[in-house]
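Note sheet for the following structure.
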Amino acid sequence: MKGQYFAGVDIGSTMTKVVIMDEATLASVIGPTGPEHRKLANRVMEEALGRAKLAFDEITYVVATGYGRINVPFADRQITEISCHARGIAHLLPEVRTVIDIGGQDSKGIKLRDGRAVDFVMNDKCAAGTGRFLEVAAESLGVSLEEMGRLSLEAENRVEISSTCTVFAAQEVVAKLSEGAALADIIAGLHEAIATRIYGMVRRLKIEREVALTGGGAKNIGLVKALEARLGFPALLPPEPLLTGAIGAALLGRDIVKEAEEKGEKLKISPRRLTEATLFT
Amino acid sequence: MIYVAGIDIGSAFSKSVIMAENKIIAHRVKPSGGNYKLTAEQVMEEALAEAKLTLKDIACTVATGYGAANVSFAQRTASDISCLARGVHYLYPDARTAIDIGGQFTRVLKLDGRGRAISFLLSEKCAAGSGRFLQVIARVLQIDLEDIGELSLRSKKRVDFSTGCAVFAESEAVSRIGEGAAKEDILAGLHRTLAAKIQAMVSRLGIEPGCAVVGGGAKDIGLVRSIEAGLDGRLLVPDEPQIVAALGAALLAGEKVSKGD
């Protein structure tokens, strides 16, 4: 497959990720998902091509995934994030049997066998147990989401957060602050609450080692530690947890092209254009 | 003349009711704020002033609600469920089901013919079934909570929400505004979402004819109509839906006085 390049575009609820690969990852871009998915998909793709020093028509196949995957006009195929995550992890950490993905607005557990998803659980109905829970709580506490992990490591006396609901938990942390609880202790309590919620969901899959953590939540050291305490063993992290789905999408694109070549089939390719389609040009 | 009082310190609002000879002679509603003890005193004093009475004239005060323990001048406390049941029965002797839409929780209760609760359900774990949901939405739409009801009735186009979660509904409302949806259509959609949660609670408990809706949420006419759409028959809505638990507390105070304990 020399001279072939594959792109994976993962439009998540919070972050948009693009990778360009040949045998290895050549370039990756991570940017926030705004209200205009299409424009954003075009922009991050353009940036990734620039970093890989490639023209768009040199890309053999483009796969889009994530919750905004239908808003990638230049994609050749859309594939669910479950399949892309499974493929990405099978490549990055082949020993993994269970993936816990903590995204901005959902969380999922995926069970893998021979590099394919065989079962999954997902919560996208309730903000508790997703990145959104921490985002709302961080806002109430006046700290940035990025600081949460590090701050929680300084906890000495973890505060119990009794609310499950994100709205009520946000009120509860403000009350705890006014009662004089230390910030680090409250944040540790929040991590414990979200870890309990996620673990409770993923446990339904019968967790098997090794376990990988992916998504934005895997970049939060406090949450990782809280989940590891629940699991009872250390989890594995990909080098960049946010890119797992995009890497899987690019690799699935490669698989599709390979299979088509073997069968002598011709694949349908979308026009390699990065301009937004408009009615009036 | 024997005077009794009921005080209900809720998570969002505090209410007081003063009664004489089984009739309401004064009542007050004010935001609970951060100091429940002070709010309890103020909401009582204001009602006393209206009735031209002092605390000494009150034979018995019963406190209820989330912050009942902060009412230092009350002789008794009572559960919000029994106060609600008593208050609803006083207003609507034939009512057998009551829905209380409060700031934090929604409660659904079944009552007997004597104003006692037989069974009840609480929406305690999730903001999606309570007035809190509307508070969150009012903030993002930049409208007053009081205006939500009337505004939503002007809805012409159906906007549906994919989520029941208050946090996700907030973001969904923001996206819908971005897409150009009208505020009234968004509100009507959110009312349907909230009403569905409340209807689910009602059907779990089993509705009986004669259903009253009380609490701050009952002041939202759009929400009341939305709940009605999924239930048989009209809902009974008091003129002052917020004071029903305080009224029930005052009635319990009256019973204590007449029993002589």
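A few remarks follow.
- Matching entry among B:L38, B:L84 (being touching an Asp or Glu at 6+ places or on another chain (Cβ under 7 Å) and among the aliphatic types (A, V, I, L, M)): B:L84
- Between B:A12, B:A69, B:A20, B:A49, the distinction of being within 18 Å of B:L251 (Cβ to Cβ) and either modelled with pLDDT of 95 or more or not assigned by TED's automatic domain parsing to the domain that holds B:E146 (or both) belongs to B:A20 only.
- In summary, B:E46 fulfils each of the numbered conditions (1) crowded, with 23+ Cβ neighbours inside 10 Å; (2) outside any strand (DSSP E or B); (3) among the acidic types (D, E) with the single exception of condition (1).
- Taken together, the residues in the range B:1-36 that are part of a loop (DSSP other than H, G, I, E, B), within 18 Å of B:R132 (Cα to Cα) and among the polar types (S, T, N, Q) amount to 2.
- Residue in the range B:122-143 that is away from chain A (no Cβ under 14 Å) and either within 27 Å of B:S79 (Cα to Cα) or without any contact (Cβ under 8 Å) to a residue 24 or more places away in the chain (or both) present: yes
- Residues located in the range B:226-243, provided they are in a loop (DSSP other than H, G, I, E, B), over 19 Å from B:G206 (Cβ atoms) and touching a residue at least 40 places away in the same chain (Cβ under 8 Å): B:P238, B:E240
- Of all residues in the range B:96-143, those that are surrounded by fewer than 23 Cβ atoms within 10 Å (Cβ to Cβ), among the aliphatic types (A, V, I, L, M) and within 19 Å of B:T64 (Cα to Cα) total 4.
- Residue selected from the range A:148-174 under the condition polar (S, T, N, Q) and within 14 Å of chain B (Cβ to nearest Cβ), by the criterion surrounded by the most Cβ atoms within 10 Å (Cβ to Cβ): A:T166
- Residue satisfying all of: in the range B:157-177; of a type in the set (G, A, S) and surrounded by 18 or more Cβ atoms within 10 Å (Cβ to Cβ); farthest from the other protein chains (Cβ to nearest Cβ) among these: B:A173
- Residue match in the range B:81-88 (condition: out of contact with any helix residue (DSSP H, G or I) (no Cβ under 8 Å at 6 or more places or on another chain), over 19 Å from B:R114 (Cβ atoms), outside the structural domain of B:V108 (by TED's automatic domain parsing) and without any contact (Cβ under 8 Å) to a residue 60 or more places away in the chain): no
- With respect to the conditions (1) free of Cβ contacts under 8 Å to residues at least 12 places away in the same chain; (2) part of a helix (DSSP H, G or I), A:R204 lacks only one, and its number is (1).
- Any hit, the range B:33-56, residues being within 14 Å of another protein chain (Cβ to nearest Cβ), under 18 Å from the mean Cα position of the chain (by Cα) and of a type in the set (A, V, I, L, M): no
- Matching residues in the range A:65-107 - criterion: being more than 14 Å from chain B (Cβ to nearest Cβ), surrounded by fewer than 24 Cβ atoms within 10 Å (Cβ to Cβ), of a type in the set (S, T, N, Q) and not in a loop (DSSP other than H, G, I, E, B): A:Q78, A:S83, A:T98
- Within the range A:175-184, the set of residues being within 13 Å of chain B (Cβ to nearest Cβ) and either crowded, with 19+ Cβ neighbours inside 10 Å or polar (S, T, N, Q) (or both) comprises just one member, A:S178.
- Pair list, Cβ < 6 Å and 6+ apart or interchain, from the range A:207-222 residues that are over 9 Å from A:I102 (Cβ atoms) to residues that are outside any strand (DSSP E or B) and basic (K, R): A:E208/A:R97
For every residue, the table says whether it meets (1) in a strand (DSSP E or B); (2) among the hydrophobic types (A, V, I, L, M, F, W, C); (3) outside the structural domain of B:L187 (by TED's automatic domain parsing).
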position: B:D100; (1), (2), (3): yes, no, no
position: B:S119; (1), (2), (3): yes, no, no
position: B:A128; (1), (2), (3): no, yes, no
position: B:V136; (1), (2), (3): no, yes, no
position: B:D160; (1), (2), (3): no, no, no
position: B:F168; (1), (2), (3): no, yes, no
position: B:E172; (1), (2), (3): no, no, no
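- One residue alone among B:G180, B:G149, B:G189 is among the small types (G, A, S), touching a Phe, Trp or Tyr at 6+ places or on another chain (Cβ under 9 Å) and assigned by TED's automatic domain parsing to the domain that holds B:A229, and that residue is B:G189.
The values are calculated or read from the model by the stated rules, or taken from the named source; none is laboratory data. Predicted model, so just to flag it, every value in this text is computed and none were measured. Cβ atoms come from the backbone with ideal geometry, glycine included; neighbour counts cover every protein chain shown.
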